[in-house]
1. State all residues of the stretch 249-283 that are aliphatic (A, V, I, L, M) and at pLDDT below 75; if no residue qualifies, say none.
2. Considering only the stretch 137-160, I want to know if a residue exists there that is within 16 Å of the ligand (Cβ to nearest atom) and at pLDDT 95 or above.
3. Of all residues in the stretch 55-82 being more than 16 Å from the ligand (Cβ to nearest atom) and either within 23 Å of the chain's Cα centre (by Cα) or buried (at least 17 other Cβ atoms within 10 Å of the Cβ) (or both), which is nearest to Arg113 (Cα to Cα)?
4. If you check Tyr116 against the conditions, is it under 30 Å from Asp129 (Cα atoms), buried (at least 21 other Cβ atoms within 10 Å of the Cβ) and touching a residue at least 24 places away in the same chain (Cβ under 8 Å)?
5. Going by the conditions given, is Thr148 within 27 Å of Arg113 (Cβ to Cβ), outside any strand (DSSP E or B) and in contact with a Gly (Cβ under 7 Å, 6 or more places away or on another chain)?
6. Here are some conditions: (1) touching a strand residue (DSSP E or B) at 6+ places or on another chain (Cβ under 9 Å); (2) outside any strand (DSSP E or B). Ile247 meets all but one. Which one does it not meet?
Amino acid sequence: MNKKAIKTEASILLAMFILIGITGIGSAHFNFFLPDEWSMDTSTANEVEIIWGHPYEGIYFDAPTITEVGVVKPDGTKDTLSTTAITVTGEEGSASAYKVSFTPDETLDDSGRGDYIIYADFEALHVEDEEVTWEDHVKAIVHYKGSTGWDHKTGQIMEIVPLTRPYGLEEGFVFVGQVLYNGNPLADASVEIEKYYPVGEALDPLPEEPMITRETKTDANGVFSFTLDEPGIWVTAATNTVNEVDIRGILQIYVEETFPEGKTDTSAIDALSSQLATLSDKVADLEEQTSTVGDNMYALVALVIAIIAVLIALAGIAKGSKKK
Ligand SMILES: [Cu+2]
């Protein structure tokens with residue numbers, strides 16, 4: 001092999017390493033839920049898919065074994081649920097997943113109105129490619145009419161308890177949560193944050209890894225916060241590494257598309273319009289007078305300037321309300 005060939009081979013290898021780095025081989029796997037509905041109006045069955053993969057990129061893998069799956073009801077009691085095996089199709093092919101279904105419990109007080117926390121615990125799974133062993137404990141809050149129970153604890157070994165009510169949120173809200181390990185606040189823990197995109201809807205090309213999976217840490221009381229800057233489903237995962245196993249508490253948060261539009265406040269426009277009408281009348285008066293008194297020319301110029309200012313203000317308000 002001549003020198004040139006060796007050089008070419010070396011450049012190809014270097015290019016491959018760079019590419020592997022960019023495409024994010026190191027991006028995080030998460031177990032996550034996809035319920036039919038995040039906010040229920042009727043006491044009907046809510047089907048929940050349970051998927052293992054990269055929620056941002058829409059890449060799915062065969063799901064790890066579930067040890068327990070259930071729902072914490074608004075009164076704090078638990079029902080376990082049974083899983084059905086399903087197949088989901090992601091960006092890079094299909095994978096085994098699960099489905100569970102729950103219905104609000106109408107035998108409870110207030111006909112079962114309140115918050116239902118779906119939770120699932122998984123067996124530890126070693127992922128060769130990423131040289132990590134993950135053991136996930138996932139939860140998500142589904143709202144059914146009443147607002148009691150969203151802060152209930154599931155009692156999972158690793159758990160994120162929301163301090164901000166995790167629904168009725170619009171983009172721009174700040175989310176605050178607390179991480180518990182064995183029921184005690186976990187200080188200085190890493191919390192990863194990643195948005196879910198339906199298959200085929202992620203940015204193409206993908207942004208760099210730090211923009212796909214964000215990270216923050218818990219304070220001395222196990223508390224963390226971050227901004228929900230887009231509508232959709234968010235996956236947050238707190239990690240505690242014990243005996244080389246990454247034990248994770250995962251909480252999902254749903255952010256509404258947009259809040260319904262309120263009535264437009266037109267009071268400022270109305271006030272300026274009436275001012276404009278008054279000024280126009282004065283101009284008309286002055287025009288009559290200027291034919292006889294030349295000194296009033298200055299007053300006329302001042303009034304015209306005032307009218308222009310009011311028109312600019314009106315244009316500003318119109319632009320502002322359009323933006324909303
Ligand atoms: Cu991964």
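The values are calculated or read from the model by the stated rules, or taken from the named source; none is laboratory data. Just so it is clear, the structure is predicted and the values come from calculations on it, not from any experiment. Note: ideal-geometry Cβ built from the backbone for every residue, glycine included; neighbour counts use all protein chains shown.
1. If the condition is that a residue be aliphatic (A, V, I, L, M) and at pLDDT below 75, then Ala268, Ile269, Val283 are the ones that fit.
2. yes
3. Across the stretch 55-82, the extreme among qualifying residues is Pro74.
4. Against the criterion (under 30 Å from Asp129 (Cα atoms), buried (at least 21 other Cβ atoms within 10 Å of the Cβ) and touching a residue at least 24 places away in the same chain (Cβ under 8 Å)), Tyr116 does not qualify.
5. Yes.
6. (2)
Every residue, every condition in (1) farther than 22 Å from Phe175 by Cα; (2) in contact with a Lys or Arg (Cβ under 7 Å, 6 or more places away or on another chain), yes or no:
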site	(1), (2)
Pro207	yes, no
Met211	no, no
Val223	no, no
Glu230	no, yes
Trp234	no, yes
Asn240	no, no
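Yes/no per residue for (1) in a loop (DSSP other than H, G, I, E, B); (2) at pLDDT below 95; (3) at negative phi; (4) of a type in the set (Lys, Arg):
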residue: Thr87; (1), (2), (3), (4): no, no, yes, no
residue: Ser94; (1), (2), (3), (4): no, no, yes, no
residue: Ala97; (1), (2), (3), (4): no, no, yes, no
residue: Ser101; (1), (2), (3), (4): no, no, yes, no
residue: Thr107; (1), (2), (3), (4): yes, no, yes, no
residue: Asp110; (1), (2), (3), (4): no, yes, no, no
residue: Tyr116; (1), (2), (3), (4): no, no, yes, no
residue: Asp121; (1), (2), (3), (4): no, no, yes, no
